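Everything on this sheet refers to the single structure shown next.
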Amino acid sequence: MYDYLSYINAQRVEMINTRNHFDSQFDSTVVPLFSIVIPTYNQAYYLDKALQSVINQTYKNWEVIVVDNNSTDKTDEVMKSFVDPRINYFKIH
């Protein structure tokens with residue numbers, strides 16, 4: 001469990017470091033008040049709807065962590081369609 005959490009934290013730091021080009025759209029210095037964790041496996045249709053639902057909320061101080069258990073459907077395509085620095089995608093191989 002510890003190794004997995006270390007991996008997730010390392011990936012999260014890497015993703016935060018790549019967000020610089022989004023600074024004009026979102027304040028990356030604000031720590032999200034809450035995190036929404038979405039585990040998924042071959043649920044691209046529902047994942048798209050879930051992410052769109054979060055984005056449509058009026059409250060904006062959040063982050064989404066999508067943990068994909070190596071889906072074989074169009075989950076990767078769905079995730080690529082969401083260009084929002086508050087959405088983090090982790091694919092477990």
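The values are calculated or read from the model by the stated rules, or taken from the named source; none is laboratory data. None of the values given here were measured: they were computed from a predicted structure. No Cβ is skipped: glycine too gets one built from the backbone with ideal geometry, and neighbour counts run over all protein chains shown. What goes into the accessible areas is simple: the full protein's heavy atoms, side chains included, and nothing from ligands, DNA or RNA. Shrake-Rupley method; radii C 1.70, N 1.55, O 1.52, S 1.80 Å.
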query: Under 8 Å by Cβ, and 6 or more places apart or on different chains, what pairs join a residue from the stretch 48-60 that is without any contact (Cβ under 8 Å) to a residue 40 or more places away in the chain with one that is acidic (Asp, Glu) and surrounded by 11 or more Cβ atoms within 10 Å (Cβ to Cβ)?
result: Ile55/Asp84
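Residue-wise test of (1) polar (S, T, N, Q); (2) at positive phi; (3) open to solvent by 80 Å² or more (accessible area, probe 1.4 Å); (4) modelled with pLDDT under 95.
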position: Ser6; (1), (2), (3), (4): yes, no, no, yes
position: Gln25; (1), (2), (3), (4): yes, no, yes, yes
position: Leu51; (1), (2), (3), (4): no, no, no, no
position: Lys60; (1), (2), (3), (4): no, no, yes, yes
position: Asp68; (1), (2), (3), (4): no, no, no, no
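If a residue must be assigned to a strand (DSSP E or B) and touching a Lys or Arg at 6+ places or on another chain (Cβ under 9 Å), how many such residues does the stretch 40-65 contain?
Narrowing the stretch 40-65 to residues assigned to a strand (DSSP E or B): 40, 62-65.
Going one step further and asking which of them are touching a Lys or Arg at 6+ places or on another chain (Cβ under 9 Å), we end up with 62-65.
Number of matching residues: 4.
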statement: Among (1) open to solvent by 30 Å² or more (accessible area, probe 1.4 Å); (2) within 15 Å of the chain's Cα centre (by Cα), His93 falls short only on (2)
- line: Of the residues in the stretch 31-44, those that are at pLDDT 95 or above and not small (Gly, Ala, Ser) come to Ile36, Val37, Ile38, Pro39, Thr40, Tyr41, Asn42, Gln43
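State yes or no: is Glu77 over 14 Å from His93 (Cα atoms), of a type in the set (Asp, Glu) and in a strand (DSSP E or B)?
The answer is no for Glu77.
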query: Which ones in the stretch 80-90 are open to solvent by 60 Å² or more (accessible area, probe 1.4 Å) and either of a type in the set (A, V, I, L, M) or in a loop (DSSP other than H, G, I, E, B) (or both)?
result: Ser81, Val83
